[in-house]
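S.K.: Before I ask anything, let me first share the structure, which is written out below as structure tokens.
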Amino acid sequence: MATAFLPGLFLLDVHITFLSGAGANEQIVLRWVHFVAGITWLGLLYFFNLVNVPAMKELDAATRGKVVPVLMPKALWWFRWSAVVTWLAGFRYFMIYLQTDAANAHEPALFGKWMGMWFGVWVLAFVVIYGLLMMAQTALKNNGYVLGVLVAVVTTGAAWLALEMLSHPDVSNRTLSIGVGGGIGTMMLLNVWGLIWRCQKKLIAWTKANAEQGTPMPPEATKLARLAFLTSRVNFYFSFPMLFFMATASHYAFLAAK
Ligand code: HEM
């Protein structure tokens, strides 16, 4: 461990020793970037769900027509790109964990197998949930509770599959935890770009045209607004188990292969 004694800090009764080695320094940079981007993403997700939705209901159409085209493009820009940065930093971090566990198992080839299966399980779960969201306003009779239960069943099934596929004596609690939490985070990212942003982009343009030129809102606007709302709500509830597993990774070793 290299020691660095910074002359300028003679005044400080603390020894500052930056860790040596690319691995340790890469991980702290990844964790830092992951935190900052993750706080930005979740902060905006909670703003949309807890503040923006109820506030917009209280505004009259004319005021909404002024506020939405100004507020939402900025908020959604930071929302969708912080989601990408959070995911990239987290995914790279997760790769390090899988590579380390595969090396500990003396089977480096396991890394590709585990990564492929993990990705497959969570993308498949996203596709099923995408289908449920698309039929929420028809087959599910617009009942958010029924949708919630079905999404919870699919997510629990995917978490079980991911843990089963990663269950190896050399796979650590932190990898198993992120195997679930990172998977939920991956579905949240796909919901942001695959549904929320695509709906909101149209709704903002229609609201702007309506406010500025008096162009009537198209009939599908209500359906898209409901779809964006339901998807954002799903992400809101996903954030709680996702953060639980982010925290258990290094602080609560409760997962291990039998
Ligand atoms: C909204 C999305 C996410 C948020 C807000 C988030 C937040 C966090 C937080 C706060 C930690 C630190 C835990 C701690 O040090 O105690 C963490 C750790 C971590 N996250 Fe995420 N995360 C998100 C998504 C993801 C995704 C999608 C992945 C992977 C694909 C991921 C991979 C990781 C990894 C590998 C760690 C390090 C675990 C450890 O050893 O402590 N995260 N995340």
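S.K.: Using beta carbons and a limit of 6 Å, which pairs, at least six apart or on different chains, have the first residue in the stretch 238-258 and more than 25 Å from L147 (Cα to Cα) and the second one more than 6 Å from the ligand (Cβ to nearest atom) and open to solvent by 80 Å² or more (accessible area, probe 1.4 Å)?
M.R.: Cβ pairs passing all conditions: A257/P169.
S.K.: Going through W160, W193, W197 one at a time, which residue ends up being within 16 Å of the ligand (Cβ to nearest atom), under 24 Å from M242 (Cα atoms) and open to solvent by 60 Å² or more (accessible area, probe 1.4 Å)? Spell out how you get there, then give the answer.
M.R.: On the way: W160 fails: within 16 Å of the ligand (Cβ to nearest atom); W197 fails: open to solvent by 60 Å² or more (accessible area, probe 1.4 Å).
W193 is the lone residue from the list that is within 16 Å of the ligand (Cβ to nearest atom), under 24 Å from M242 (Cα atoms) and open to solvent by 60 Å² or more (accessible area, probe 1.4 Å).
S.K.: List every residue pair whose Cβ atoms sit under 7 Å apart, with the two residues 6 or more apart in sequence or on different chains, where the first one lies in the stretch 206-222 and is farther than 14 Å from K66 by Cα and the second, anywhere, is open to solvent by less than 80 Å² (accessible area, probe 1.4 Å) and among the aliphatic types (A, V, I, L, M).
M.R.: Going by the 7 Å Cβ cut-off, the qualifying pairs are T215/A209; A221/L203.
S.K.: Report, by residue number, each residue of the stretch 210-244 that is within 30 Å of I178 (Cβ to Cβ) and open to solvent by less than 40 Å² (accessible area, probe 1.4 Å).
M.R.: Start the filter on the stretch 210-244 by keeping residues that are within 30 Å of I178 (Cβ to Cβ), which leaves 227-244.
Once the filter is applied, which keeps residues that are within 30 Å of I178 (Cβ to Cβ) and open to solvent by less than 40 Å² (accessible area, probe 1.4 Å), the stretch 210-244 yields L227, A228, L230, T231, S232, V234, N235, F236, F238, S239, M242.
S.K.: Same structure, new question: Quick check on the stretch 173-183. Is at least one of its residues open to solvent by less than 40 Å² (accessible area, probe 1.4 Å) and farther than 21 Å from L255 by Cβ? If you could, list the steps in order and put the result at the bottom.
M.R.: Within the stretch 173-183, the subset open to solvent by less than 40 Å² (accessible area, probe 1.4 Å) is 173, 175-183.
Applying the additional criterion that residues be farther than 21 Å from L255 by Cβ yields none.
No: zero hits.
The values are calculated or read from the model by the stated rules, or taken from the named source; none is laboratory data. This structure is a prediction, so every number in the text was calculated from the model and none was measured. Because the Cβ atoms are built from the backbone with ideal geometry, glycine has one as well, and the counts that use them run over all protein chains shown. SASA here: full protein model, heavy atoms, side chains in, ligands and nucleic acids out. Shrake-Rupley method; radii C 1.70, N 1.55, O 1.52, S 1.80 Å.
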